[in-house]
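The values are calculated or read from the model by the stated rules, or taken from the named source; none is laboratory data. Please read these numbers as outputs of a predicted model, since none were measured by experiment. Neighbour counts are summed over all protein chains in view; Cβ atoms, including those assigned to glycine, are modelled from backbone coordinates with ideal geometry.
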C-alpha cells in the first residue's frame, strides 16, 4: 500500500487516526497569504479605531464604571434573569400543552405562541406600558357578576412590570417551540417504557424525557439568553432605567453621544462573551454521552477496518 495509516485506540474508547504519508504536508501558500492579508487589515482597522479621536476613548474610560451606568447594568441583568426564568417555566407549560391530546389545550397554546411570535417585541412592550388606556382598572370577580377586588391599572403596570411582562411572555413563545422540539427528539418508546414501570406522565417527563431532551434544548436556550440581554435595551422606550437608558441620560446631558454608546456596546459585548463561555461549558457537559458513544462507534469501525486490511493482505 502506498499510504500507511496508523490507528490508535485508548482503553476509554478514544480513537485517533493519522495518515503518516501526509503528517509533514507543507502549509498551503495560499492560506499563508490569506492569513497575512487578514492580519494586516485587522491591525490597520484596530490602529485606526484606537487613534481616532472622534471615538472619544477618554470619555469611554471616564464613564465606563459610572454609578449611573452600573445601576442600569444591574437593571438589565435583573430583567434578563427574571424574564428568562418566567419564559422557560411558561414555555415548558406551553410545550406540554401543545403536545397534549386535548384539543382545547393544544389550540390555546398554539394561539398564544402564534400571537407572541408574530408581533414585534417593541410593540408588545409599548402595549403593556399603555395598558391603562384600554383597561383603566384591573379587577377580580365573577364574569358578568360581582367584583371582589379592583386596582388602578397605572398603579399595577409600572415600567418594571411592563418590561417583565413583555419580555417574559415573548420569550415563553420561543422557548415553547425550543422545548417542544427537544421533547420530540426523544424516542417515543421512552414514554412507553416509563409507563411500563408504572410512572405517571409528569414523572416520566421529569425523570426520563427532559434530561435526554436537554441536549437539544440547551444550545438554542443559550442563544435565547444572549438575545434576551440585548433585547432588554428595548425597554428604554418605556422609560425603564436599563443600561441603554442610563447612557442616554448621560449623553443627553454631556452631548457625548458616540462615546456613551460605546460604553453600552462594550458592556453588552462583555456580558455576551461571558455567556458564550458558559454556554460552551454547559453544551460540553450535556454532550458527554454523545462523545462517548461516538468514540465507541469509531473504535468499533477502526477494528473492522483493521480486520479487513489484514484479510486483504
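Give me the residue from segment 253-270 that is surrounded by fewer than 18 Cβ atoms within 10 Å (Cβ to Cβ) and touching a helix residue (DSSP H, G or I) at 6+ places or on another chain (Cβ under 9 Å) and, out of that set, nearest to residue 162 (Cα to Cα). Please lay out each step first, then the result.
Looking only at segment 253-270, we keep the residues that are surrounded by fewer than 18 Cβ atoms within 10 Å (Cβ to Cβ), and these are 253-255, 257-258, 261, 265-266, 269-270.
Then drop every residue that is not touching a helix residue (DSSP H, G or I) at 6+ places or on another chain (Cβ under 9 Å), which leaves 254, 257-258, 261, 266.
Working: 254: 29, 257: 27, 258: 29, 261: 25, 266: 27 Å.
Filtering segment 253-270 for residues that are surrounded by fewer than 18 Cβ atoms within 10 Å (Cβ to Cβ) and touching a helix residue (DSSP H, G or I) at 6+ places or on another chain (Cβ under 9 Å), the one nearest to residue 162 (Cα to Cα) comes out as 261.
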* Please work out which residue is nearest to the chain's Cα centre (by Cα), limiting yourself to segment 66-89 and to residues that are under 20 Å from residue 249 (Cβ atoms) and without any contact (Cβ under 8 Å) to a residue 40 or more places away in the chain. => 78
* Would you pick out the residues in segment 43-65 that are out of contact with any helix residue (DSSP H, G or I) (no Cβ under 9 Å at 6 or more places or on another chain), under 23 Å from residue 248 (Cβ atoms) and modelled with pLDDT under 90? -> 52, 53
* To do: Test each condition in (1) outside any loop (DSSP other than H, G, I, E, B); (2) surrounded by fewer than 15 Cβ atoms within 10 Å (Cβ to Cβ); (3) free of Cβ contacts under 8 Å to residues at least 24 places away in the same chain for residue 117 and report the one that comes out false.
  => (3)
* Sort out which residues of segment 234-262 are under 10 Å from residue 72 (Cβ atoms) and in a helix (DSSP H, G or I), and write them in order of number. => 236, 243, 244, 245, 246, 247, 248, 249, 250
* Structure fact -> So, first residue surrounded by 10 or more Cβ atoms within 10 Å (Cβ to Cβ) in segment 21-35, second residue part of a loop (DSSP other than H, G, I, E, B) and modelled with pLDDT under 60, Cβ within less than 6 Å, six or more apart or across chains; the pairs are 21/3
* What pairs can you find where one residue is in segment 201-216 and without any contact (Cβ under 8 Å) to a residue 60 or more places away in the chain and at positive phi, the other is part of a helix (DSSP H, G or I) and exposed (fewer than 13 other Cβ atoms within 10 Å of the Cβ), and their Cβ atoms are less than 6 Å apart, with a gap of 6+ or different chains? -> none
* Residues (surrounded by fewer than 15 Cβ atoms within 10 Å (Cβ to Cβ), at pLDDT below 90 and within 22 Å of residue 86 (Cβ to Cβ)) located in segment 168-213 -> 202, 206
